[in-house]
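In what follows, a single structure is set out as structure tokens and then discussed.
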Amino acid sequence: MSHAIHWFRRDLRLSDNTALNAALAAHEQVIPVYITSLWKNGHQWTGAPRQQFLVECLRSLHEALLKAGSRLLIREGDAVSALVKLVQQTGAKAVYTNRDPDPFGQAIEAQLKAALEPLGVAFFCFKDHALHERNEVLTGSGSAFRVFTPYSRAWAKLPKQQPGPTVTQLRAFGPLESLPLPTLAHWNLQAENVELPEAGEAAARNRLSKFVENGFLKYAQTRDIPSEEGTSRISQDLRFGLLSIREVFAALEVGASGAKADEARSAQVYINELCWREFYFQVLWNKPEVLDLEYSPAYRGMPWSHDTAAFDLWSAGQTGFPIVDAGMRQLFQTGFMHNRVRMIVAMFLTKDLHLDWRMGERWFMQRLLDGEIASNNGGWQWSAGTGTDAAPYFRIQNPWTQSLRFDAVGTYIKRWIPELAHLPSALLHKPPTPGLRLTDNYPLPMVDHARERDIALFTYKRHLSSSQTAE
Ligand SMILES: Cc1cc2nc3c(=O)[nH]c(=O)nc-3n(C[C@H](O)[C@H](O)[C@H](O)COP(=O)(O)OP(=O)(O)OC[C@H]3O[C@@H](n4cnc5c(N)ncnc54)[C@H](O)[C@@H]3O)c2cc1C
């Protein structure tokens, strides 16, 4: 009997799983494995909430595999050594996996290929995480797009793949040792009281169906209002591959059929967001240096502040700017923050506090369930004005007017900052009378936005003119 290994990574589902389907098409027996990394709480880009969600997704995947007649083998440590060992134990002829969208995962894929080759074991790595990846969406002259709008036009024109089948039956395999399903203790992390969404493929599919039925065709009107359930809330599901992007796209096409003009616009706006996700994947693929450096070379070497006291107030939701604090508290308590508020808090960190965008990027990666290296980096660089936009640094949002515009009644602010719940909403969107706190237990604004805006504009301008002179 010919065996192969399917290495689960960010594709924790049995439906429309490209590599798993390919393995099953070519081999009689497929052994599913997940390898938990060995880092012990020293990883700057992760934290308890996302790992807890992962733990629950693995439990759900294991249960689905049991139903299909198999089980999820858990191994730990360096993935290359663990897979080579498993190949040797099983006599597997091939290892299958879906390609990781970030450079860390891709480096392991290259090492694994090199380690398996001398053993005569084939390694197959598939596109699965995106509709279009790497160098599939190119300009007329064959280069990568630097700007989103033309990328999105080219992306939209390409044909989209339909979802593949769901695996319902797998051949059981014999006695092979497996670690127990991991808990947070595996990574030396402590459980936190975070309100997580239900994990696993079925729960993710329910979220998608609910959105397609009730939210998709009004998305353009509701997406920017943080107090409403106006967005799909499937970002963690795409992050862990609980849903395939092909399934999502196919469900949207069905949902959009027969839409009226304004509904069709909503559908378009939503699909554009999925396109941003893939745009940032290709940015990271083509320019992995963005993980350390500003996308746009002119902004490299900016004099960012590293004031940890200011950072601590921001991350604790104690800045005295209610919309910023509400967002930071939502993030801390749920592992999620609404997109509009992500933009407000990120711009506040970079333009009002002048802190290094990498400090915010790291905090988001530690707290977000959907923490996605490419999208997070893209979102932070967009907010810092150092990213893919043509003329961005002087676009400085005012947190007070943003707050009034998107949370006029203060529902979102009051939900996350209970100490402000009794106040008239008009007080939440402007600086308080100098020296007077809104309430005893809520801080005064830590900075004056108008002043910090001027400082930011001056600093960016000076840096740009000195970097041009240096060229
Ligand atoms: C500073 C900053 C950091 C961010 N970090 C992340 C991150 O780590 N992971 C992440 O998935 N998204 C990130 N985003 C993008 C966006 O905020 C989230 O994708 C969105 O809030 C998730 O909620 P949703 O699923 O309800 O989104 P919806 O509005 O329903 O959008 C549908 C899907 O489109 C994708 N998407 C939407 N907006 C964007 C965007 N601007 N960039 C890339 N993809 C997008 C997501 O996969 C999302 O699930 C970040 C944005 C900013 C401004």
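Each value in this text was obtained by applying a stated rule to the coordinates, not by laboratory testing. Note that this is a predicted model, so its numbers are computed, not measured. Methodologically, a virtual Cβ is constructed for each residue, glycine included, from the backbone with ideal geometry; neighbour enumeration extends over all protein chains shown.
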Given +1 on the Cβ of Lys and Arg, -1 on the Cβ of Asp and Glu, and no further charges, what dipole in debye does the stretch 297-470 carry about its Cα centre, rounded to the nearest 20? 300 debye
Taking the C-alpha atoms of the chain, how large are the radius of gyration and the largest Cα-Cα span, Dmax, in Å? 23.5, 78
Express in nm, to one decimal, how much length is gained between D454 and K85 on full extension, taking 0.36 nm for each residue of separation and deducting their alpha carbon distance. 126.9 nm
Semi-axes, largest first, in whole Å: what does sqrt of 5 times each Cα gyration tensor eigenvalue give for the stretch 297-470? 27, 19, 14
Just how large is the dipole of the stretch 220-376 about the Cα centre, in debye to the nearest 20, putting +1 at every Lys and Arg Cβ and -1 at every Asp and Glu Cβ? 40 debye
Extreme residue, positive dipole direction of the chain, given options S141, W382, Q330 (C-beta unit charges): S141
Among the lysines, which fall within straight-line cross-link reach of K430, defined as a Cα-Cα distance under 25 Å, with same-chain neighbours fewer than 8 residues apart omitted? K351, K414
Spin-label zone in the stretch 199-225 - amide nitrogen under 15 Å from a point set 7 Å from the Cα of K260 along the C-beta vector: 217-221
Given an 8 Å cut-off on Cα distances and at least 6 residues of separation, report the relative contact order of the chain as a percent. 18 percent
Give the residue from Y280, Y412, I344 lying farthest towards the positive end of the charge dipole for the chain; charges sit on Cβ (+1 for Lys and Arg, -1 for Asp and Glu) and the dipole is referred to the Cα centre. Y280
For n ≥ 4 DSSP H runs only, could you compute -39500 (n - 2.57) per run for the chain, divide by its residues and tell me the 222 nm figure to the nearest 500? -14000 deg cm²/dmol
Please provide three numbers in whole Å: the alpha-carbon extents of the stretch 57-197 along the principal axes, with the largest listed first. 54, 48, 33
Would you list which lysines come within 16 Å of K260, measuring only between C-alpha atoms, while excluding same-chain residues fewer than 8 positions from it? K218
Semi-axes (Å, rounded, descending) of the ellipsoid equivalent to the stretch 400-471 per its C-alpha gyration tensor are 35, 14, 10
Which stretch or stretches of the stretch 83-104 have amide N atoms under 13 Å from the point lying 7 Å from A26's Cα along the Cα→Cβ direction? 93-98
Give me the number: length gained by fully extending V269 to A203, i.e. 0.36 nm times residue separation minus the C-alpha to C-alpha distance, one decimal in nm. 21.3 nm
The lysines whose Cα lies under 21 Å from the Cα of K85, excluding any fewer than 8 residues away in the same chain, are K93, K113
Pull out the extension gain between T139 and F249, defined as 0.36 nm times the separation in residues minus the alpha carbon to alpha carbon distance; nm, one decimal. 37.2 nm
Once you charge only the Cβ atoms, +1 for Lys and Arg and -1 for Asp and Glu, what is the size of the charge dipole of the stretch 3-128 about its Cα centre, to the nearest 20 debye? 180 debye
What order do you get for V269, V137, V80 when you list them from fewest to most C-beta neighbours inside 10 Å? V269, V80, V137
